Amino acid sequence: MRNQFQRNKSLSPTGSLFLDRRLFLGCGATGLGSIALASMLGDQSLLQRARANGPPIRPEIDPSTPYAPRSPHFAPKAKRILLIFVSGAISHVDTFDYKPELVKNHDKPMPDSSGLITFQGEQGNLIEPRWKFRPRGESGKMTSDLLPRIGELADDICFIHSMTAKSNTHGPAENQMATGFTLDGFPSIGAWVSYALGSECQDLPAFVAIPDPRGIPQIGARQWSSGFLPAAFQGTPFNSDRPIPNLVPPVEIPREKDIATREFLRRLNQFQIDRNPQDEALAARIASYELAAKMQLAAASLNDLSDETDETLALYGADDTTNTNKARFAKNCILARRLLERDVRFVQLFNGSYAMGEGVGNWDGHKVIEQQYAIHGPILDQPVAGLVTDLKRRGLLDDTLVAFVTEFGRMPTFQKGASGRDHNPSGFTVWLAGAGVKRGYSYGATDPFGYKAIENVATIYDLHATILHLLGLNHEQLSFYHNGIERRLTDVHGHVLSELLS
């Protein structure tokens, strides 16, 4: 080849290089890439979107007061969020997504599904819902008898029937619903919200996670992790069974002495801050201890339900002596309302636990879905319906957004050789209620059997973008600079689901 270059005296040295075939193809590919980039940069819609997004917005946070309220990017519809996470992937085709064709084709093969393999293996025939669907409310929305009390609230609910997830495995799918990413290490949506907005409540955490009385979800504390955000913004987990520990002073320390000691410590801390005004770690540490001191006064009363009326306890089902798991979860729901009443910014309420095994304490109904869901339904139904009803009658639903989510849906078929449904991330239902969303409204749709989303297909990125939007936050601008990247909850994806906004 070298001799060939030398014989072409009429070519420039650069031109001679192109006689090398591999080099020519490599440069050609680079050139085509440059042409494609130029074309994309010339796309006016992309340029307009880039200009509309604006620069990244990172809230200015005083480490000494990390939970101080901060202004949203624009006027919000919601002041606070209640996120209800149903662990194990509740079946949409047995609860909220009515499919007459699934009933008509009961026990028949799903068209074009021969040999269909999903998470646990091969699929059998289509199986109709195990509970009857009925019209609910003035809207006539069809929901099943598995969750009849939630169904009665259909006129207050905005259903999203076309949700999709990126993973069919519980852990990564839980990660995505909680953090926007299937991988570990990213901040939860609650951490993002408290980072962006702080809290109106200064004697309780900005972000509280309430685990199910039976245990925690599969990914555990990653559901409320702060990831790479400052640790101050991680969720504080406690529930009605297990209050925040170590809040009550020892009985041998008189109240007056305890107060005097705190005041002395406050003066010492302020002295250190004045001497070291640039020490952000010191300021953050002092702030965390001061919050703990405030919580001793405020949080200790949260789990005391003695001031709740008998009517309220009955509304939630907290007085049910025949179903202890239901009564315990109902008390968690009352705790959630009490936190929202005190303007805690983000409350995450969990139904279902993985400590008890597949489908036993959660909604992972692979083998005997009818038997297992008959247990889980009553535990979830009345307490959640009571919570939404109570928020509405107290006026809290006017500026609180309720989001009812799960990690993915389930198949319209039964697994081959079993009486349960396998994982299905291709289409499932979540719902919103309260501030800023339409009531008695259904958005999107799955196919006639409930297998895949086909109309107004939505992603978890879209859901997160919509929740942030209702809080007055631009999901494309809210960011945190980490490892050389402007990170955001929705990564480089997501669109606000504007059609379901009121």
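The values are calculated or read from the model by the stated rules, or taken from the named source; none is laboratory data. This structure is a prediction, so every number in the text was calculated from the model and none was measured. Here the Cβ is made from the backbone with ideal geometry for all residues, glycine too, and neighbour counts use every protein chain on show.
Summary table
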quantity: Qualifying residue in segment 481-502 (condition: part of a strand (DSSP E or B), crowded, with 18+ Cβ neighbours inside 10 Å and not charged (D, E, K, R)); calculated: no
quantity: Given (1) out of contact with any His (no Cβ under 8 Å at 6 or more places or on another chain); (2) surrounded by fewer than 20 Cβ atoms within 10 Å (Cβ to Cβ), number of the condition THR466 does not satisfy; calculated: (2)
quantity: Pick from segment 144-166, criterion closer than 23 Å to ILE460 by Cα and hydroxyl-bearing (Ser, Thr, Tyr), ranking: surrounded by the fewest Cβ atoms within 10 Å (Cβ to Cβ); calculated: THR164
quantity: Some residue of segment 364-372 being out of contact with any Leu (no Cβ under 7 Å at 6 or more places or on another chain), assigned to a strand (DSSP E or B) and either modelled with pLDDT of 95 or more or not hydrophobic (A, V, I, L, M, F, W, C) (or both); calculated: yes
quantity: Residue that is nearest to LYS77 (Cα to Cα) [pool: residues in segment 411-428 that are of a type in the set (Ser, Thr, Tyr) and in a strand (DSSP E or B)]; calculated: THR413
quantity: Test: ALA52 is under 30 Å from LEU401 (Cα atoms) and modelled with pLDDT of 65 or more; calculated: no
quantity: Flag for PHE207 being farther than 24 Å from LEU432 by Cβ and in contact (Cβ under 8 Å) with a residue 24 or more places away in the chain; calculated: no
quantity: Residue list for segment 465-493, restricted to those being touching a residue at least 60 places away in the same chain (Cβ under 8 Å), over 15 Å from PRO59 (Cβ atoms) and touching a helix residue (DSSP H, G or I) at 6+ places or on another chain (Cβ under 6 Å); calculated: GLU476, THR490
quantity: Conditions (1) assigned to a helix (DSSP H, G or I); (2) surrounded by 17 or more Cβ atoms within 10 Å (Cβ to Cβ): number failed by HIS475; calculated: (1)
quantity: Top-ranked residue in segment 111-127 [being in a loop (DSSP other than H, G, I, E, B) and under 29 Å from the mean Cα position of the chain (by Cα); ranked as surrounded by the fewest Cβ atoms within 10 Å (Cβ to Cβ)]; calculated: GLY121
quantity: One residue from ARG255, ARG275, ARG267, ARG285 being surrounded by 13 or more Cβ atoms within 10 Å (Cβ to Cβ) and among the basic types (Lys, Arg); calculated: ARG285
quantity: ASP390 at pLDDT 95 or above, under 23 Å from ALA78 (Cβ atoms) and part of a helix (DSSP H, G or I); calculated: yes
quantity: Residues that are closer than 18 Å to ALA287 by Cβ and among the basic types (Lys, Arg), drawn from segment 252-270; calculated: ARG262, ARG266, ARG267
quantity: Unique residue being over 22 Å from CYS158 (Cα atoms), at pLDDT 95 or above and either β-branched (Val, Ile, Thr) or outside any helix (DSSP H, G or I) (or both) when the list is ILE454, ILE375, ILE467; calculated: ILE375
quantity: Number of positions in segment 303-319 that are closer than 16 Å to ALA385 by Cβ and either in contact with a strand residue (DSSP E or B) (Cβ under 8 Å, 6 or more places away or on another chain) or touching a residue at least 24 places away in the same chain (Cβ under 8 Å) (or both); calculated: 5
quantity: Tabulated pairs, segment 180-197, first at negative phi, second of a type in the set (Gly, Ala, Ser) and assigned to a helix (DSSP H, G or I), C-beta under 6 angstrom, 6+ apart or interchain; calculated: SER188/ALA178
quantity: Which numbered condition ASP212 misses (of (1) surrounded by fewer than 18 Cβ atoms within 10 Å (Cβ to Cβ); (2) among the acidic types (Asp, Glu); (3) under 27 Å from ILE379 (Cα atoms)); calculated: (1)
quantity: Hey, PHE74 among the aromatic types (Phe, Trp, Tyr), assigned by TED's automatic domain parsing to the domain that holds PRO205 and assigned to a loop (DSSP other than H, G, I, E, B) or not; calculated: no
quantity: Output for segment 298-356, where each listed residue is at pLDDT 95 or above, surrounded by fewer than 19 Cβ atoms within 10 Å (Cβ to Cβ) and small (Gly, Ala, Ser); calculated: ALA314
quantity: Qualifying positions in segment 101-119 - in contact (Cβ under 8 Å) with a residue 60 or more places away in the chain and farther than 18 Å from THR406 by Cβ; calculated: GLU101, LEU102, ASN105, MET110, SER113, LEU116
quantity: Criterion (β-branched (Val, Ile, Thr), assigned by TED's automatic domain parsing to the domain that holds ASP491 and surrounded by fewer than 24 Cβ atoms within 10 Å (Cβ to Cβ)) met by exactly one of THR179, THR169; calculated: THR169
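Rundown of residues vs (1) outside any loop (DSSP other than H, G, I, E, B); (2) among the aliphatic types (A, V, I, L, M); (3) over 19 Å from LEU339 (Cβ atoms), yes/no style:
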site	(1), (2), (3)
ASP184	no, no, yes
GLY190	yes, no, no
TYR195	yes, no, no
CYS201	no, no, no
LEU204	no, yes, no
ALA209	yes, yes, no
GLN218	no, no, yes
ALA232	yes, yes, no
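For (1) in a helix (DSSP H, G or I); (2) not small (Gly, Ala, Ser), each residue gets a yes or a no:
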position: ALA403; (1), (2): no, no
position: VAL430; (1), (2): no, yes
position: ALA433; (1), (2): no, no
position: SER442; (1), (2): no, no
position: TYR461; (1), (2): yes, yes
